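To keep things clear, I will list the structure first and then write my remarks on it.
Where a number appears in this text, it was derived from the coordinates with a stated rule and is not lab data. Quick caveat, the model's predicted, so the values are computed rather than measured. Don't worry about glycine lacking a Cβ; one is built from the backbone with ideal geometry, like all the others, and counts go over all protein chains shown.
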Amino acid sequence: MNIHEYQAAEILARYGIPLNPGIVCASPDEVEAAAHQIGGTVVVKGQVHTGGRGKAGGVKLAHSPDEARQAGESILGLDIRGHTVRKVLVAPGTNIEREYYLGVTIDRAARGVTVMASAAGGIDIEEVAHTTPEKIQREVAHPTLGLHPYQARRLAYTLGIEREFANGFAKIALQLYQAFIAADASLAEINPLVLTKDHQWQAIDSKIVIDDNALSRHPDYEALRDLNEENAIELEARAAGVSFVKLDGNIGCVVNGAGLSMATMDAIKRYGGEPANFLDVGGGASAAQVATALRLILAEPQVRAILINIFGGITRCDDVARGLLEAMEAVKPKVPFVIRLAGTNQEAGRQILSDAGITAVESMPEAAEQVVKAAQRAA
Ligand code: GDP
Ligand code: MN
């Protein structure tokens, strides 16, 4: 789950990370009033669930309430990479001497929580990781003892931060690590973490991504959710108890089981196709769930073909087949589809489908090959 910068900043502030709290505004009037209240130079920042706001004109310095109002007018309503700005954060402006990057995430290759830091702060860290990976320093935290203070200091020194500022930097790295763990985050980052002209450390831009699997442990996070920022189809899927993740390809997938869904996407790629989504209808694969799944997939205009891959275990293939027919009747997909049905009562299941004029295949590679060809013909 993504949250806004101002919400992430509130969390980080609780762990002692120095930052300038701001005022969230939804209109130019509010921006002007906030700038007046704060006084001096302020920064006006669009609150959207995407980075690179600066480059897109979504971050502006203003030297007076009037300028702040103008900045608010230009940023509110702005489209940043498909996200419409509905709120801005107005915060005291900072005199920046240097910008650093500091982030905490889970590094699967290192099998641990990893703290990353770079002196190339402020800019897109994915870009840095891609073009100059040597500019990113890493420390892997111990799985039970956590991040050691010496590791945090080592990060500071390897970035070339002077002795007098290194402890301040290390303290923030430890605080960010604590916040990451306590928040059940999958990412916590400060970009930029700045050294101000008067030599104070300050977090200028905060980002936290919360691990969806931990939401049940944090009922208070529900209030942080911004439905405007979430994919409408993913929302509908969540309401229906279907796991759905939108992807970039053109082959829709309806599968029961997360593992089989992953394998199905691999099989599609193996035959030169690209999945349009990950979709797990869950164990039951009832007619209603399959119908919802089909509707979700067909709402994506780029879908050219659908692969329905159901393995009957406790759910019997004949029940699934009846459910599929019901779902097809309800949704009437206009794109070609391929059904692979295997497992308990597969013969009976396939018979029900073939009586209705639908051929189901047994093997997954065969189904993947067929659906890729169907999508290529349709494209
Ligand atoms: P992002 O582009 O979405 O990552 O938004 P940021 O909040 O990180 O802002 C982008 C850039 O704007 C920062 O890297 C800074 O260089 C600059 N910036 C942001 N806030 C201030 C500020 O208070 N004072 C100054 N001088 N620059 C700022
Ligand atoms: Mn930033």
Expected 222 nm ellipticity per residue - DSSP helices of 4 or more, -39500 (n - 2.57), all of the chain, to 500: -11500 deg cm²/dmol
Cα-derived Rg to Rh of the chain, Kirkwood definition: 1.08
Degrees between helix 258-270 axis and first principal axis of the chain (Cα, 0 to 90, nearest 10): 80 degrees
Relative packing of peptides 219-228, 182-191 - highest average C-beta neighbours within 10 Å first: 182-191, 219-228
The chain: relative contact order as a whole-number percent, Cα under 8 Å and 6+ apart: 12 percent
Cα-Cα P(r), the stretch 265-304, percent of pairs per 10 Å interval: 27, 45, 27, 1
Cα-centre dipole for the chain with unit charges at Cβ (Lys and Arg positive, Asp and Glu negative), debye to 20: 580 debye
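If you place +1 on the Cβ of every Lys and Arg and -1 on the Cβ of every Asp and Glu, how big does the dipole about the Cα centre of the stretch 96-174 come out, in debye to the nearest 20?
In total the dipole reaches around 400 debye.
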Nearest-ten-degree value, helix 364-378 long axis tilted from longest Cα axis of the chain: 80 degrees
Cβ-placed point charges (K, R +1; D, E -1), dipole of the stretch 1-109 about Cα centre in debye, nearest 20: 380 debye
Alpha-carbon centroids, the stretch 78-135 and the stretch 152-218: separation in whole Å: 11 Å
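Return one quarter of the surface area of the convex hull spanned by the alpha-carbon atoms of the stretch 200-345, equal to its mean projected area, in nm².
11.8 nm²
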Leading residue at positive end of dipole, the chain (Cβ point charges), from I308, P18, A367: A367
Degrees, to the nearest 10: 287-298 long Cα axis against longest axis of the chain: 60 degrees
Percent of beta bridges antiparallel (DSSP, the chain, rounded to nearest 5): 75 percent
